[in-house]
Amino acid sequence: MNKKRVHSCLFPSFSDFEDEIAVSVFFSGCNMRCRMCFNARVVVEPPKMTLEEVLAFIESQVPLATAVVLLGGEPLVHPVEVLEEFLERVRDMGLKTKLFTNGTFYEKLVRLMPLLDRVSLDVKHRLNLECYQRVSSLFTNEMLDNIIQSAEFLRRFFPQRSEFRITVCKPIHTCEDLESLKKDFPGLIVQSYEKTDGQLFKDFELEVLRCE
């Protein structure tokens, strides 16, 4: 808990956890390099805070804060035992918890689920290797298997505690891709691509995808 793992914290956040006043904790590092990533600096810059420092910050915001959200980067690149202890201590403060994840760490997700009130899975693209490699050249079949398992686990056992979202852009996605994904994931939250200075991983020009 005294190793630096967190890039930064944001408080208050009113958008990361619906109907809650959240502390958003941005964990450093990620196992993907998504071309449309808008948090790339969180991925590549050295972590600045230990989890003990983060917990002290969270506690200082109680009782105004009602929840803590784990984002990245990808929080699940960190040891599951460390994340368990962190979540347990957050819940001991009486706060709700939410995780944003890319779904590539299925076993960690299953283990942490009892400590999570909500999970948001970023599905990135249609669930096949060719499509995911349009998003990140680092993507592998093993990652895809984990995502499929994570999505099925959430849909089957925790439909009321999970959400699915995607950030779309040309030429990575098409309108046909988006329609297919909406059928596969009813209620899919679609976010439009926005150009930012943080998009360090793109190797070709990206544009907003507009579908009627």
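The values are calculated or read from the model by the stated rules, or taken from the named source; none is laboratory data. Computed from a predicted structure; not experimentally measured. Backbone-built Cβ (ideal geometry, glycine too); neighbour counts: all protein chains shown. To get the accessible areas, we keep the full protein, side chains included, count just its heavy atoms, and leave off ligands, DNA and RNA. Shrake-Rupley method; radii C 1.70, N 1.55, O 1.52, S 1.80 Å.
Miscellaneous remarks
- Flag for G29 being within 26 Å of F204 (Cβ to Cβ), out of contact with any strand residue (DSSP E or B) (no Cβ under 6 Å at 6 or more places or on another chain) and not aromatic (F, W, Y): yes
- All positions within region 38-57 that are open to solvent by less than 30 Å² (accessible area, probe 1.4 Å) and at pLDDT below 95: A40, V42, V43
Per-residue answers, yes or no, for (1) part of a strand (DSSP E or B); (2) free of Cβ contacts under 8 Å to residues at least 40 places away in the same chain; (3) not aliphatic (A, V, I, L, M):
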{"position": "S8", "(1), (2), (3)": "yes, no, yes"}
{"position": "P12", "(1), (2), (3)": "yes, no, yes"}
{"position": "E18", "(1), (2), (3)": "no, yes, yes"}
{"position": "R33", "(1), (2), (3)": "no, no, yes"}
{"position": "F38", "(1), (2), (3)": "no, no, yes"}
{"position": "R41", "(1), (2), (3)": "no, no, yes"}
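- Any hit, region 11-18, residues being open to solvent by less than 20 Å² (accessible area, probe 1.4 Å) and at pLDDT 95 or above: yes
- Subset of region 58-88 [surrounded by fewer than 17 Cβ atoms within 10 Å (Cβ to Cβ), assigned to a helix (DSSP H, G or I) and not hydroxyl-bearing (S, T, Y)]: E59, V80, E81, V82, E84, E85, E88
- Going through (1) closer than 19 Å to P75 by Cα; (2) part of a helix (DSSP H, G or I) one by one, T104 falls short only on (2).
- Condition check for L99: crowded, with 19+ Cβ neighbours inside 10 Å, in contact with a strand residue (DSSP E or B) (Cβ under 8 Å, 6 or more places away or on another chain) and under 18 Å from R161 (Cα atoms): yes
- A Cβ distance below 6 Å, combined with a sequence gap of six or more or placement on separate chains, defines the contacts here; from region 168-182, residues that are touching a residue at least 24 places away in the same chain (Cβ under 8 Å) reach residues that are part of a loop (DSSP other than H, G, I, E, B) and aromatic (F, W, Y) in the pairs C169/Y193.
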